[in-house]
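The values are calculated or read from the model by the stated rules, or taken from the named source; none is laboratory data. Note that the structure is a prediction, hence the values are computed from the model and not measured. Every residue, glycine as well, gets a Cβ built from its backbone with ideal geometry; the counts of neighbours run over all protein chains shown.
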Amino acid sequence: MWRAIEAAAPSFKVQVTAADVRGSAEIEHAIESFAGESNGGLIVLPNVPTIVHRGLIMALAAQHRLPAVYSFRQFVTEGALISYGPDRVDQYQRAAAYVDRILRGEKPADLPVQQPTKFELAINLKTARMLGLEVPLTLLARADEVIE
């Protein structure tokens, strides 16, 4: 995911900086250093440390008034600003269909690798207001879920 973000950044005229974090101390240090930059924000990639420490990340982002985008809707329902990522329910349904095919005799090696095809956008307006952000109506209209 990082390579795609890095490749897309110039077209949006933004500078991206990676922070390889594994624990709470590294997360705190990285977010505090980003907070010192003007017009900054966070893209929180889905990995074990960011999922385990999501409460800390969201609290620090709020404390430093940093807008942050996450990969899973769960973050937004817990108070994060915005998420855009694969629809996990759809992924589980597709996985179940593969299990069914395998149990019916198909060889797993013969089944193609699937990529997510359905993505969801969730926005937390309460968090946006707390950050002093106005979410464009066009973005709200495209959202699968808006939390007020």
Fill in: Check on GLN93, over 30 Å from GLY40 (Cα atoms), without any contact (Cβ under 8 Å) to a residue 60 or more places away in the chain and among the polar types (S, T, N, Q)
yes
Worksheet entry | Flag for LEU60 being touching a strand residue (DSSP E or B) at 6+ places or on another chain (Cβ under 8 Å) and within 27 Å of VAL16 (Cα to Cα) | no
Worksheet item: Quick one: is ASP87 of a type in the set (Asp, Glu), surrounded by 12 or more Cβ atoms within 10 Å (Cβ to Cβ) and either in contact with a His (Cβ under 6 Å, 6 or more places away or on another chain) or more than 23 Å from HIS29 (Cβ to Cβ) (or both)?
Response: yes
Practice prompt. Any residue in segment 99-116 that's loosely packed, with under 10 Cβ neighbours inside 10 Å: show its pairings with residues that are not aromatic (Phe, Trp, Tyr) and not in a loop (DSSP other than H, G, I, E, B) at Cβ separation under 8 Å, as long as the two are six or more apart or on different chains.
Written response: PRO108/ILE102
Practice prompt. Identify the single condition in (1) buried (at least 18 other Cβ atoms within 10 Å of the Cβ); (2) modelled with pLDDT of 90 or more that PHE34 does not satisfy, given that it satisfies every other one.
Written response: (2)
Response to the item:
Heads up, the helices (runs of 4 or more DSSP H) in segment 67-146 (entirely inside) with at least 1 residues that are in contact with a strand residue (DSSP E or B) (Cβ under 6 Å, 6 or more places away or on another chain) and among the β-branched types (Val, Ile, Thr) are 73-77
Discussion item. For the structure I just gave you, tell me whether GLU78 is among the acidic types (Asp, Glu), surrounded by fewer than 18 Cβ atoms within 10 Å (Cβ to Cβ) and closer than 25 Å to GLN115 by Cα.
Written reply: no
Item to complete: Considering only residues that are closer than 18 Å to ALA143 by Cα and hydroxyl-bearing (Ser, Thr, Tyr), look in segment 43-75 and name the one that is surrounded by the most Cβ atoms within 10 Å (Cβ to Cβ).
Response: TYR70
Discussion item. Quick check on segment 55-62. Is at least one of its residues part of a strand (DSSP E or B) and either out of contact with any helix residue (DSSP H, G or I) (no Cβ under 6 Å at 6 or more places or on another chain) or under 19 Å from GLY132 (Cα atoms) (or both)?
Written reply: no
Worksheet, complete the sentence: Checked against (1) within 24 Å of the chain's Cα centre (by Cα); (2) of a type outside the set (Val, Ile, Thr); (3) surrounded by 11 or more Cβ atoms within 10 Å (Cβ to Cβ), GLY132 satisfies every condition except (3)
